[in-house]
Amino acid sequence: MQRIWGLVAALAAMLACAPALAQGAPELTVMSLNIRMPSDGDGANLWEKRRDLTFATIRAANPDLIGTQELFQRQGDDVVKALPQYSWFGTDRYGGHANEHMGIFYRHDRLKIVEQGQFWLSDTPEVPASISWGHPLPRMVNWATFETREGRRFRFYDTHFPYRDEDEDARTRGAQLLSDRIAAGPKDMPVILTGDFNTTADKPAHAVLTKTLADAWASRPDRQGPDFTFHGFTGKGDRRIDWILTRGFKVERVTTVDSHRGEVYPSDHYPVVARVRFER
């Protein structure tokens, strides 16, 4: 078999061999995945040509939760048809279902939704499709409070920040709004944030978010896989722009999954997968 059986297989083995969970401290496996919208210009990486590899990558990682970006409804429906243990939810950037979603997938046999919502990264966050700070497209956050089978609750957020070089200030403002919203939530509830932040860890947006959240990748010196996530369907890159950030969890493992079959990749971003454990 080709490269898919590299880090994907290693990741599956690693997760399967994880030590028994300590009673009262359950673990979760989380994936952040910019799934890449269906685009007619993607050649060998058209959605129809890479979706089986995407399903295989998800299946191998076996996440409890996936925060996606650029997800179109037909892609979400394809995923749950192939992997029926998952459900997904979320509105698109305009508040409907015709455009890109920050779709959240979850194992419905392991987790249940207690509440859910969304807000926009703008000066009017409750107004669907609202835009501020000079970037051209609406940017937003989908979120939910989940409960595990053990009765543990946590809040999960998923987002996609503006992408242009000149949007650094907008990314910083979005990070501050998101940080403020997280702070306004339940004080003692653990938090997981996934996203394509379109910026790197040396920029202000990362500093804003990591005042109160921990970067899973940075927390583990034994992290596995490439130290970049965006590769543009080439397998080569130099920017880690996809992050998993947490509060109230200990990160046990974190991996950037660089699976591909020849020139076919699950996405133009590598997924990031972390196993996290409730701290108490």
Residue match in the stretch 193-204 (condition: hydrophobic (A, V, I, L, M, F, W, C), buried (at least 19 other Cβ atoms within 10 Å of the Cβ) and within 16 Å of the chain's Cα centre (by Cα)): yes
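For (1) more than 24 Å from Arg155 (Cα to Cα); (2) in contact with a Cys (Cβ under 6 Å, 6 or more places away or on another chain); (3) in contact (Cβ under 8 Å) with a residue 24 or more places away in the chain; (4) charged (D, E, K, R), each residue gets a yes or a no:
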residue	(1), (2), (3), (4)
Gly232	yes, no, yes, no
Asp242	no, no, yes, yes
Leu245	no, no, yes, no
Val251	no, no, yes, no
Thr255	no, no, yes, no
Glu263	yes, no, yes, yes
Ser267	yes, no, yes, no
Ala274	no, no, yes, no
Glu279	no, no, yes, yes
Residue within the stretch 90-97 that is hydroxyl-bearing (Ser, Thr, Tyr), under 24 Å from Ser267 (Cβ atoms) and either touching a residue at least 24 places away in the same chain (Cβ under 8 Å) or in a loop (DSSP other than H, G, I, E, B) (or both) present: yes
Residue list for the stretch 58-72, filter: more than 11 Å from Tyr86 (Cα to Cα), of a type outside the set (S, T, N, Q) and in contact with a helix residue (DSSP H, G or I) (Cβ under 9 Å, 6 or more places away or on another chain): Ala60, Ala61, Leu71, Phe72
Some residue of the stretch 158-171 being more than 17 Å from the chain's Cα centre (by Cα) and assigned to a loop (DSSP other than H, G, I, E, B): yes
Residue list for the stretch 228-257, filter: part of a loop (DSSP other than H, G, I, E, B) and surrounded by 21 or more Cβ atoms within 10 Å (Cβ to Cβ): Thr229, Arg240, Ile241, Val257
Thr148 being among the polar types (S, T, N, Q) and surrounded by 14 or more Cβ atoms within 10 Å (Cβ to Cβ): yes
Every residue from the stretch 188-224 that is free of Cβ contacts under 8 Å to residues at least 60 places away in the same chain, part of a loop (DSSP other than H, G, I, E, B) and touching a Lys or Arg at 6+ places or on another chain (Cβ under 9 Å): Met189, Phe197, Asn198, Thr199, Thr200, Ala201, Lys203, Thr212, Leu213, Arg220, Asp222, Arg223
Positions within the stretch 172-187 being in contact with a strand residue (DSSP E or B) (Cβ under 8 Å, 6 or more places away or on another chain), part of a loop (DSSP other than H, G, I, E, B) and not small (Gly, Ala, Ser), in sequence order: Pro186
Some residue of the stretch 86-103 being in contact with a Leu (Cβ under 7 Å, 6 or more places away or on another chain), under 16 Å from Ile192 (Cα atoms) and buried (at least 20 other Cβ atoms within 10 Å of the Cβ): yes
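Rule-based calculations on the coordinates, nothing more; no lab input. These numbers were taken from a predicted model, which means no experiment stands behind them. Cβ atoms come from the backbone with ideal geometry, glycine included; neighbour counts cover every protein chain shown.
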